[in-house]
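Below: the structure, in structure tokens.
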Amino acid sequence: KDACDVGCEQVQFIGGEPTIHPSLSTLISSADDLGYKHIEVFTNGIKMSEDLLETFVEHGVKLAYSFYGPSAEVHEHVTKQKGSFEKTLRNIRKTVSTGLDVRVGIVSMDENKDYIDEAKVLLKSAGVEKISVDYVRGIGRGGDHVKYTDPMDELCGGCWSGKLAVNSDGDIYPCNLSRFNLVGNISEGLG
């Protein structure tokens, strides 16, 4: 509600994995009732119950999926979860078939960099039109793979451009990737 009161019109539920949160449907319904014009769930696509999909359709939720390669071998080398490739691809196809807005993000890394074009072809054949590719940034878990001298250099430059990230503890950051830069807590008020 605080975000709406200061003019926010968009909300994105991310994780961890938001689709395993027991109150996600309630949170989405509340966001819609509050008047958010853009509600998005960013998911790995492994868990997608029929009830949750119905909630997405009912509230016009936009879906963003993470995806890593054109085969189980490549995708699961990154996710470390056997069966994740088939589950993710099945749920991408299912979501596309509902007519919801779907986009997919691929992070290019050593494990999949030679398969990005093939992954795009597969996703396009599944009906996905919005596909973006990023690279591993040296912050968060990416810091285990990429070394940097200044974490600010790892950001895209869009922090503070009309958005904030709020974690499950209510801590506020300029964006989801800048969790090293705490700016407050929701208990202090968002304004």
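State whether the residues of the range 37-55 include one that is among the hydroxyl-bearing types (Ser, Thr, Tyr) and either at pLDDT below 95 or touching a Cys at 6+ places or on another chain (Cβ under 7 Å) (or both). So far as the range 37-55 goes, yes, one or more of its residues are among the hydroxyl-bearing types (Ser, Thr, Tyr) and either at pLDDT below 95 or touching a Cys at 6+ places or on another chain (Cβ under 7 Å) (or both).
Please count how many residues of the range 153-184 are at pLDDT 75 or above and open to solvent by less than 30 Å² (accessible area, probe 1.4 Å). If you could, list the steps in order and put the result at the bottom.
As a first pass, look at the range 153-184 and keep what is at pLDDT 75 or above: 164-173, 182-184.
Within this subset, residues satisfying the condition of being open to solvent by less than 30 Å² (accessible area, probe 1.4 Å) are 165, 170, 172-173, 184.
Residues flagged as at pLDDT 75 or above and open to solvent by less than 30 Å² (accessible area, probe 1.4 Å) within the range 153-184 amount to 5.
Of all residues in the range 26-61, those being in contact with a His (Cβ under 9 Å, 6 or more places away or on another chain), polar (S, T, N, Q) and free of Cβ contacts under 8 Å to residues at least 24 places away in the same chain number 0. Considering only residues in the range 101-114 that are aliphatic (A, V, I, L, M) and within 15 Å of residue 131 (Cα to Cα), the one that is most open to solvent (accessible area, probe 1.4 Å) turns out to be 107. List every residue pair whose Cβ atoms sit under 7 Å apart, with the two residues 6 or more apart in sequence or on different chains, where the first one lies in the range 62-84 and is crowded, with 18+ Cβ neighbours inside 10 Å and the second, anywhere, is assigned to a loop (DSSP other than H, G, I, E, B) and among the basic types (Lys, Arg). These pairs meet every condition: 76/82. Annotation for the range 91-100: no member residue is under 12 Å from residue 44 (Cα atoms) and open to solvent by 10 Å² or more (accessible area, probe 1.4 Å).
The values are calculated or read from the model by the stated rules, or taken from the named source; none is laboratory data. Quick caveat, the model's predicted, so the values are computed rather than measured. Methodologically, a virtual Cβ is constructed for each residue, glycine included, from the backbone with ideal geometry; neighbour enumeration extends over all protein chains shown. Heavy atoms of the whole protein, side chains included, go into the accessibility calculation; ligands, DNA and RNA do not. Shrake-Rupley method; radii C 1.70, N 1.55, O 1.52, S 1.80 Å.
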